[in-house]
Amino acid sequence: MLTKAEFDAARQRMFMAWGQGDLAEAQAAMDIVLRKGTAAMKAECLFYQGMIAEERSDLAEARESWSNGLQYAREGSFLRFQLETSLGGAAERQAQPAEALQWFRNALATCCQGDEFSGSKALSGFLRLSGGKVEPADERVVECVAEKSWRVAGVPGAPDPNDWTATAARLDEELANRASEIRDSQE
């Protein structure tokens with residue numbers, strides 16, 4: 001079993017190699033984690049492995065890594081949400097809208113029942129694929145994610161239950177502005 005320090009070192013090695021374009025070295029670092037890491041470490045590693053494959057435009061490999069990561073990701077965790085959202089995005093790019101919609105729906109459920117994080121990315125994907133329509137069976141989870149994301153993002157006011165698409169767009173805008181403010185403050 002890897003210690004936290006060993007995992008941190010392997011992750012750093014993987015990021016450095018990935019950043020330098022040395023994918024063989026990045027994979028070697030990930031292989032250590034996949035052999036000896038805890039479930040949480042493996043889930044995180046498989047998420048990154050999928051990102052690397054996605055960057056190479058190999059969506060089939062990316063989806064396989066993300067799908068494999070789900071078996072290790074804790075229910076309700078942000079990492080599980082990221083894996084599900086990534087699977088939804090990949091399915092959407094591969095012109096599989098029904099599958100993409102289901103992955104976004106799964107990510108919404110993970111956000112709603114999980115840790116305190118924003119689910120705006122999955123909400124936007126879900127609404128985009130559903131044409132902005134929310135079926136009665138999905139109303140509760142959409143409302144839950146919108147309210148939770150609104151709270152987590154610290155958006156003034158309240159989400160508009162009569163226009164989930166506008167609510168999602170406002171969340172996306174607020175989060176993009178916050179990210180921009182963080183980048184600007186670090187320069």
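Of note:
- Total residues in segment 121-145, condition over 14 Å from Ala169 (Cα atoms) and either among the acidic types (Asp, Glu) or not in a helix (DSSP H, G or I) (or both): 7
- Residues located in segment 150-177, provided they are over 18 Å from the mean Cα position of the chain (by Cα), surrounded by fewer than 16 Cβ atoms within 10 Å (Cβ to Cβ) and farther than 18 Å from Gly131 by Cα: Arg151, Gly154, Pro156, Gly157, Ala158, Asn177
- Residue tally, condition within 12 Å of the chain's Cα centre (by Cα) and either farther than 18 Å from Ala73 by Cβ or open to solvent by less than 60 Å² (accessible area, probe 1.4 Å) (or both), over segment 100-149: 14
- Only one entry of Arg35, Arg80 meets the criterion of being assigned to a helix (DSSP H, G or I), open to solvent by 70 Å² or more (accessible area, probe 1.4 Å) and of a type in the set (D, E, K, R), and that entry is Arg35.
- The condition of being within 28 Å of Val141 (Cα to Cα), loosely packed, with under 15 Cβ neighbours inside 10 Å and of a type in the set (A, V, I, L, M) does not hold for Ala73.
- Meets criteria (in contact (Cβ under 8 Å) with a residue 12 or more places away in the chain, assigned to a loop (DSSP other than H, G, I, E, B) and of a type in the set (S, T, N, Q)) for Ser118: yes
- Contact map, segment 42-60: residues that are polar (S, T, N, Q) paired with residues that are open to solvent by 40 Å² or more (accessible area, probe 1.4 Å) and assigned to a helix (DSSP H, G or I), Cβ distance under 8 Å, separation 6+ or inter-chain. Pairs shown: Gln49/Gln27.
The values are calculated or read from the model by the stated rules, or taken from the named source; none is laboratory data. Predicted model, so just to flag it, every value in this text is computed and none were measured. All Cβ positions, even for glycine, are placed from backbone atoms using ideal geometry, and neighbour counts span all protein chains on display. The protein model used for the area step is the full one, side chains on, heavy atoms only, and it has no ligands, DNA or RNA in it. Shrake-Rupley method; radii C 1.70, N 1.55, O 1.52, S 1.80 Å.
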